[in-house]
Amino acid sequence: MAVPLTGPDRLFLGEVGSARDHRLHLALAARRPGPAPDSGELRRLVAESAARAPVLTYRLARGGWEPDPAFDPACHVVEYRVAPGRDVGAAVVDAVRANRLLPEHPLWSLMVVHGYAPDEHLLCYRVHHAFQDGMGAARIATRAVLLGRTVPAPDQDVAVRAPARARMRLLATAARLAAPSARLRPPPGRTGGARAGVRTFFLRLDLAAFREIAAATGASVPQVGLAVLAGALRAWNPAHWRKAGRRGTTVSFPLNLNGRLRDGGLGNGVTTMPVVLPCAEPAARERLRGVMEQTSFERMAVYRRDRYPVRAPAAVFRLVRWLVPKAFPGRMTVSVIGVSLPLDGCFAVPPTYDTGGGVVSMVHSDTTVVVSCVLSAALAHGDRLPRLMEEALDELRREVAR
């Protein structure tokens, strides 16, 4: 029995062009010790994972998702060798870009990336954003693929029509994100131009500092991460934020709905909540306080009740796909996985779709917070952000310790 496509599923499937386009693929990678498994071992891992998580057998069908009656593990195995010494994050991005997903098969693959080091390899679970959102991908990758746990099959009826109040909130969110104040504000300087593509970086931060700050302030690890990002964006262009009347940069903060709409992690179950990163606030602790007020459980619960409208005519989705890149240039999406991943060495790879802004993902394990950022090359001095995030974390830690 088929599971219908919902609004976000339809939007992400067509926003760039086709399921083959890597720019709306996302991944969760895990660094593993020892030599890379061979193709036979990978096929066995894929077959066992699909048996534990039936969602892995679902393919795109007319109007929805359906189990693939001829599911073949060999179609989901990718081996990618890179040069010795290649940066780990860059190696995964290269692997995602070089290997397409075919719409006649379930829209995911398990990639092994190796060659960059003699004693380590990467297992990378890569999906199309319509097939799964970030939380769904992390859930399946860690539970079914890496830890060998079972995941329930997807629900068969997940199409829920959005009430009028939720639609109005969605429109209000879009208006806030489209406002000029929502844009990223890089410092003046030469850029690569509007069609220069994207740059990516991966940053490892000490989880102990996050937990020390959280314990002293009552914040969560994700809230500390948002405050650190606000501090980095302030330091990126301090002259802009010193001017009177400045407030902050409004980011799109995805909230996962899969736990309520469906089991099994199928489809893009997200809604969007606007969060103003208080970049104009000079005190690091006050920036954290501002983030905490906007990301309270009560506020997130209101937005989690939202449902995207579904069963809309195809023309509506085509119009939205045309409007999104034009209405939201220079904006930032920040996705923070709030639960600790059960394995060290994991990091996310966000979609590399260039809208003139950026996408930031944060995941944490028992020891480390890994920040993954895709930033438009049209923004000047983007290469400074990793160092600025490290400095913003140190600044917040010092202020909290006083």
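The values are calculated or read from the model by the stated rules, or taken from the named source; none is laboratory data. Just so you know, these numbers come straight off a predicted model, no measurement behind them. Note: ideal-geometry Cβ built from the backbone for every residue, glycine included; neighbour counts use all protein chains shown. What goes into the accessible areas is simple: the full protein's heavy atoms, side chains included, and nothing from ligands, DNA or RNA. Shrake-Rupley method; radii C 1.70, N 1.55, O 1.52, S 1.80 Å.
Annotations for the structure displayed:
- Of Ser361, Ser39, the residue with the largest accessible area leads and the full order is Ser39, Ser361 (1.4 Å probe).
- Length gained when the stretch Ser181-Arg149 is fully extended (0.36 nm per residue, less Cα-Cα span): 7.0 nm
- Our estimate of slack between Arg305 and Lys243, defined as 0.36 nm per intervening residue step minus the Cα-Cα distance, is 18.6 nm.
- Translational D in µm²/s for the chain (Stokes-Einstein at 37 °C, 0.692 mPa s, Kirkwood Rh from C-alpha pairs): 152
- Selection from Gly85, Pro106, His128 lying farthest towards where the dipole of segment 1-136 points positive, charges on Cβ: His128
- Projecting the Cα positions of Ala378, Leu255, Ala216 onto the charge dipole of the chain (unit charges on Cβ atoms of Lys, Arg, Asp and Glu, taken about the Cα centre) puts Ala378 furthest along the positive direction.
- Rounded accessible area of Leu319 (nearest 10 Å², 1.4 Å probe): 100
- A simple spin-label model places pseudo-atoms 7 Å from Cα toward Cβ; at Ala283 and Arg44 they are separated by 6.0 nm.
- Sites Ser296 and Ala74 - FRET efficiency at Förster radius 35 Å, r taken between beta-carbons, to 0.05: 0.15
- Simple Cβ-charge dipole of the chain, Lys/Arg +1 and Asp/Glu -1, about Cα centre, in debye nearest 20: 1660
- Accessible surface ranking that places the most exposed of Asp394, Asp306 first, with a 1.4 angstrom probe: Asp394, Asp306
- Normalised Debye scattering of segment 1-137 at q = 0.17, 0.22 Å⁻¹ gives log10 I(q)/I(0) of -0.90, -1.37, counting only Cα atoms as equal scatterers and leaving out solvent.
- With bins 10 Å wide beginning at 0, the percent of Cα pairs of segment 81-181 falling in each bin runs 12, 28, 27, 22, 10, 1.
- Accessible-area value, Thr173, 1.4 Å probe, nucleic acids and ligands omitted, Å²: 10
- Among Leu107, Leu229, Leu341, the residue with the largest mean-square fluctuation in a Gaussian network model of the chain, with springs joining Cα atoms closer than 10 Å, is Leu341.
- Which of Gly7, Thr57, Pro73, positive extreme of dipole for the chain (C-beta unit charges): Gly7
- Largest-first ordering by accessible area, 1.4 Å probe, given options Arg185, Arg62: Arg62, Arg185
- Looking at the chain alone, DSSP beta bridges between its own residues are antiparallel in about 80 percent of cases.
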